[in-house]
1. Say we look at the stretch 1-30 and pick out the residues that are in a strand (DSSP E or B) and among the hydroxyl-bearing types (Ser, Thr, Tyr); which of these is farthest from Leu136 (Cα to Cα)?
2. Taking into account only those residues within the stretch 74-101 that are acidic (Asp, Glu) and at pLDDT 95 or above, which is farthest from Tyr9 (Cα to Cα)?
3. Looking at Leu41, is it buried (at least 16 other Cβ atoms within 10 Å of the Cβ), at pLDDT 80 or above and either within 18 Å of Tyr9 (Cα to Cα) or more than 16 Å from the chain's Cα centre (by Cα) (or both)?
4. Just to verify a result, which residue in the stretch 56-73, among those that are modelled with pLDDT of 75 or more and hydrophobic (A, V, I, L, M, F, W, C), is surrounded by the fewest Cβ atoms within 10 Å (Cβ to Cβ)?
5. So in the stretch 31-52, with the set limited to residues that are touching a Cys at 6+ places or on another chain (Cβ under 9 Å) and part of a strand (DSSP E or B), which one is farthest from Leu5 (Cα to Cα)?
6. Can you name every residue in the stretch 4-44 that is over 21 Å from Lys78 (Cβ atoms) and of a type outside the set (Ser, Thr, Tyr)?
7. Determine the pairs where a residue that is without any contact (Cβ under 8 Å) to a residue 60 or more places away in the chain and closer than 12 Å to Val55 by Cα, located within the stretch 70-89, has a partner that is loosely packed, with under 11 Cβ neighbours inside 10 Å and of a type in the set (Phe, Trp, Tyr) with Cβ atoms under 7 Å apart, the partner being 6 or more residues away or on another chain.
Amino acid sequence: MARILAIDYGAKRCGIAVTDESKIIASGLTTVDTKELLGWLQDYVVSEEVELFVVGEPKRMHGEASESEKLIQPFLEKLSKILPDIPVKRIDERFTSKMAFDTMIASGISKKKRRDKKLVDQISATIILQDYLYNL
């Protein structure tokens, strides 16, 4: 069975989360440098069947697209050319970084580990994926 893969896209790095094959559980997978993301995705889909990419959609408080969207659109265009058979869904990602940080505190993660932006990005991707699964 195929998985769903979520991406918290950032200028420097991207958090990646994935479902189990039953599409019930969302788990953080890794963090990938943005420059390497397309190649990493191509390699990943060779080893794991992916039926859908869920990509965070950054919005401002009033719902309009944030400045980050200008970085994401070129990525989405390249992704659709490189992996055209895998559709992309967008999910509002407002507050995911804050939620990720709060989750880390609630989980008892040390201050030192909470400073790790890679972990925050990975947890943010997991929250994006959980939101998608919850709204199925």
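The values are calculated or read from the model by the stated rules, or taken from the named source; none is laboratory data. This structure is a prediction, so every number in the text was calculated from the model and none was measured. All Cβ positions, even for glycine, are placed from backbone atoms using ideal geometry, and neighbour counts span all protein chains on display.
1. Going through the stretch 1-30, the residues in a strand (DSSP E or B) turn out to be 3-8, 13-19, 26-30.
If we keep only those that are among the hydroxyl-bearing types (Ser, Thr, Tyr) as well, we get 19, 27, 30.
Working: Thr19: 13, Ser27: 17, Thr30: 24 Å.
My answer is Thr30.
2. We begin by selecting, within the stretch 74-101, every residue acidic (Asp, Glu); these are 77, 85, 92-93.
Imposing the further condition that a residue be at pLDDT 95 or above reduces the set to 77, 85.
Details: Glu77: 14, Asp85: 20 Å.
My answer is Asp85.
3. On the way: buried (at least 16 other Cβ atoms within 10 Å of the Cβ): yes; at pLDDT 80 or above: yes; either within 18 Å of Tyr9 (Cα to Cα) or more than 16 Å from the chain's Cα centre (by Cα) (or both): yes.
So Leu41 fits the description; yes.
4. Filtering the stretch 56-73 down to residues modelled with pLDDT of 75 or more leaves 56-58, 68-73.
After this cut, where a residue has to be hydrophobic (A, V, I, L, M, F, W, C) as well, the list is 71-72.
Values: Leu71: 14, Ile72: 21.
Checking each candidate, the answer is Leu71.
5. In this case the residue turns out to be Asp33.
6. Taking the stretch 4-44 and keeping what is over 21 Å from Lys78 (Cβ atoms), we get 19-28.
Hits for the stretch 4-44 are Asp20, Glu21, Lys23, Ile24, Ile25, Ala26, Gly28.
7. Every condition considered, no pair remains.
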